[in-house]
Amino acid sequence: MSIATPALRLTQFASGGGCACKVPPGELERVLGGLPVSLEGGDLLVGLDHGDDGAVVRIDGDRAVVATADFFTPVVDDAFDWGRIAAANALSDVYAMGGTPVVAINLLAWPREKIPFELAAEVLRGGAEVCSAAGCYLAGGHSIDDLEPKYGLAVTGLAAPDRLLRNDSGVAGVPLTLTKPLGLGVLNNRHKATGERFDEAVAVMTSLNDKASAAALAGGAVCATDVTGFGLLGHLYKMTRASGVAAVIDSAAVPYIAGAREALSAGYIPGGSQRNLDWVRPHLEASVDEDELILLADAQTSGGLLVAGEIPGSPIIGELVAGTPGHITVL
């Protein structure tokens, strides 16, 4: 950990930060539930039904298109790192569906009169580096002049229609694996407030979920999601509700980034993390304290995959069990 003292701190130009600035999950579901569906069934394999990580459309017997978009306000002060984090986060939605990203386009909003546009070039350079590492073409995009800086990608990928990772395919008796540690929300919130840099958090957020996705598919998994703005508990609730099962979490098995508990104890709790816990609380049965629940609901940015199945090298943190759909027991 080091103290960053940049002349211009990007996080100070945004009211939120990273995936913690998502619309609250309950509010989002109420809005989406009232939308008309223009076309459904047929070759649309994954749509709005369960709030999965991307839309999937079959294009022939062996191929399906995975489409997604993700962008957010600065989560770190370094422009290059922010670009890398935002790109890895957007690509993650394709990996979470069991797909391979093929092409992406930039989504950029920039307050040109407040922040030098040269810094936007650094953001875009970071995004390009991560796309290159993923073997994904980055071709053009769209930019606007805005009051807050925002960056992300719209990504198109390919997947096998009969080998998708969906959040509605979980079955009782299957272990739950988490492929990245938690704690990104509280650490990013501390970074925004103090300027402290957390190198491990940046490394976690810029790591791709490609190997985890491939390992899940190789192990025969059919159910997964990535852990981002709704926290582990929020994304697990959506998975269990959609799959018609319950879950048990062993809190002692959940990994955390160094410094996460200290950031929580110091009060650096994102508003999104508290909203996540409030949303899931009616479906929780917990024998742990409030601090542990906040960490389990902590709003992540570019987090790992939560896989219904075993992934070599990643911790098993619980299992899916028979029970009331959406019910989560935390031990």
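The values are calculated or read from the model by the stated rules, or taken from the named source; none is laboratory data. Remember, predicted model here, so these are calculated numbers, not experimental data. No Cβ is skipped: glycine too gets one built from the backbone with ideal geometry, and neighbour counts run over all protein chains shown.
In this structure, does Leu45 turn out to be crowded, with 17+ Cβ neighbours inside 10 Å, over 20 Å from the mean Cα position of the chain (by Cα) and at pLDDT below 95? Can you show your working first?
Working: crowded, with 17+ Cβ neighbours inside 10 Å: yes; over 20 Å from the mean Cα position of the chain (by Cα): yes; at pLDDT below 95: yes.
Taking the combined requirement at face value, the residue satisfies it.
Scanning for something within 25 Å of Leu236 (Cα to Cα) and free of Cβ contacts under 8 Å to residues at least 12 places away in the same chain, does region 162-178 turn up at least one residue?
Pass one, region 162-178, residues within 25 Å of Leu236 (Cα to Cα): 162-178.
Retained after the next criterion (residues that are free of Cβ contacts under 8 Å to residues at least 12 places away in the same chain): 162.
Yes: region 162-178 contains one or more residues that are within 25 Å of Leu236 (Cα to Cα) and free of Cβ contacts under 8 Å to residues at least 12 places away in the same chain.
Six or more apart or on different chains, Cβ under 6 Å: which pairs go from a residue in region 57-68 that's touching a residue at least 60 places away in the same chain (Cβ under 8 Å) to one that's among the acidic types (Asp, Glu) and surrounded by fewer than 17 Cβ atoms within 10 Å (Cβ to Cβ)? Could you list them?
Arg58/Asp43
Please name all residue pairs, on different chains or six or more residues apart, with Cβ atoms under 6 Å, provided the first residue is in region 318-331 and is modelled with pLDDT of 95 or more and the second residue is in a strand (DSSP E or B) and surrounded by fewer than 20 Cβ atoms within 10 Å (Cβ to Cβ).
So the pair list comes out as Gly318/Val248; Glu319/Pro175; Glu319/Val248; Val321/Val248; Ile328/Leu284; Thr329/Val248; Thr329/Glu285; Val330/Ala286.
Based on what the data block shows, is Ser213 out of contact with any Gly (no Cβ under 8 Å at 6 or more places or on another chain) and in contact (Cβ under 8 Å) with a residue 12 or more places away in the chain? Let's see the steps before the verdict.
Working: out of contact with any Gly (no Cβ under 8 Å at 6 or more places or on another chain): no; in contact (Cβ under 8 Å) with a residue 12 or more places away in the chain: yes.
Spelling it out, it is not the case that Ser213 is out of contact with any Gly (no Cβ under 8 Å at 6 or more places or on another chain) and in contact (Cβ under 8 Å) with a residue 12 or more places away in the chain.
Yes/no per residue for (1) out of contact with any Phe, Trp or Tyr (no Cβ under 7 Å at 6 or more places or on another chain); (2) in contact (Cβ under 8 Å) with a residue 24 or more places away in the chain; (3) closer than 20 Å to Ser92 by Cβ:
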{"site": "Arg190", "(1), (2), (3)": "no, yes, no"}
{"site": "Glu196", "(1), (2), (3)": "yes, yes, no"}
{"site": "Asn209", "(1), (2), (3)": "no, yes, yes"}
{"site": "Gly220", "(1), (2), (3)": "yes, yes, no"}
{"site": "Cys223", "(1), (2), (3)": "yes, yes, yes"}
{"site": "Asp226", "(1), (2), (3)": "yes, yes, yes"}
{"site": "Phe230", "(1), (2), (3)": "yes, yes, yes"}
{"site": "Leu233", "(1), (2), (3)": "yes, yes, yes"}
{"site": "Arg241", "(1), (2), (3)": "yes, yes, no"}
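Looking at Leu320, Leu296, which is the one that is within 19 Å of Ala224 (Cα to Cα) and touching a strand residue (DSSP E or B) at 6+ places or on another chain (Cβ under 6 Å)?
Numbers: Leu296 fails: touching a strand residue (DSSP E or B) at 6+ places or on another chain (Cβ under 6 Å).
Step by step, each of Leu320, Leu296 is checked, and only Leu320 is within 19 Å of Ala224 (Cα to Cα) and touching a strand residue (DSSP E or B) at 6+ places or on another chain (Cβ under 6 Å).
Go through (1) on the phi < 0 side of the Ramachandran plot; (2) touching a residue at least 24 places away in the same chain (Cβ under 8 Å); (3) not hydrophobic (A, V, I, L, M, F, W, C) one by one and return the number of the condition Ser132 breaks.
Status for Ser132: all satisfied but (2).
Consider only pairs whose beta carbons are under 8 Å apart and that are at least six residues apart or on different chains; among these, list those whose first residue lies in region 112-128 and is in the same structural domain as Glu148 (by TED's automatic domain parsing) and whose second residue is part of a helix (DSSP H, G or I) and charged (D, E, K, R).
Listed by first residue and then by second, the contacts come to Gly126/Asp81; Gly126/Arg84; Gly127/Arg84.
Please go through region 76-109 and pick out each residue that is crowded, with 24+ Cβ neighbours inside 10 Å and among the aromatic types (Phe, Trp, Tyr).
Across region 76-109, the qualifying residues are Trp82, Tyr95.
Quick check on my filter: what residues within region 208-244 are at positive phi and crowded, with 20+ Cβ neighbours inside 10 Å?
Looking only at region 208-244, we keep the residues that are at positive phi, and these are 220, 231, 244.
Once the filter is applied, which keeps residues that are at positive phi and crowded, with 20+ Cβ neighbours inside 10 Å, region 208-244 yields only Gly231.
Can we say Val186 is under 24 Å from Ile257 (Cα atoms) and crowded, with 23+ Cβ neighbours inside 10 Å?
Values: under 24 Å from Ile257 (Cα atoms): yes; crowded, with 23+ Cβ neighbours inside 10 Å: yes.
Considered against the rule, which asks whether it is under 24 Å from Ile257 (Cα atoms) and crowded, with 23+ Cβ neighbours inside 10 Å, Val186 comes out as yes.
Of all residues in region 294-331, which are closer than 21 Å to Val204 by Cβ and hydrophobic (A, V, I, L, M, F, W, C)?
Ile294, Leu295, Leu296, Ala297, Ala299, Leu305, Leu306, Val307, Ile311, Ile316, Ile317
Results for (1) over 27 Å from Ala67 (Cβ atoms); (2) at pLDDT 95 or above; (3) crowded, with 20+ Cβ neighbours inside 10 Å; (4) not assigned by TED's automatic domain parsing to the domain that holds Leu293, shown as yes or no for each residue.
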{"position": "Cys136", "(1), (2), (3), (4)": "no, yes, yes, yes"}
{"position": "Ala154", "(1), (2), (3), (4)": "no, yes, no, yes"}
{"position": "Asn167", "(1), (2), (3), (4)": "no, no, yes, yes"}
{"position": "Thr179", "(1), (2), (3), (4)": "no, yes, yes, no"}
{"position": "Phe198", "(1), (2), (3), (4)": "yes, yes, yes, no"}
{"position": "Ala203", "(1), (2), (3), (4)": "yes, yes, no, no"}
{"position": "Thr206", "(1), (2), (3), (4)": "no, yes, yes, no"}
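From the residues in region 193-248 that are in contact with a strand residue (DSSP E or B) (Cβ under 7 Å, 6 or more places away or on another chain) and acidic (Asp, Glu), which one is farthest from Ala297 (Cα to Cα)?
Checking each candidate, the answer is Glu196.
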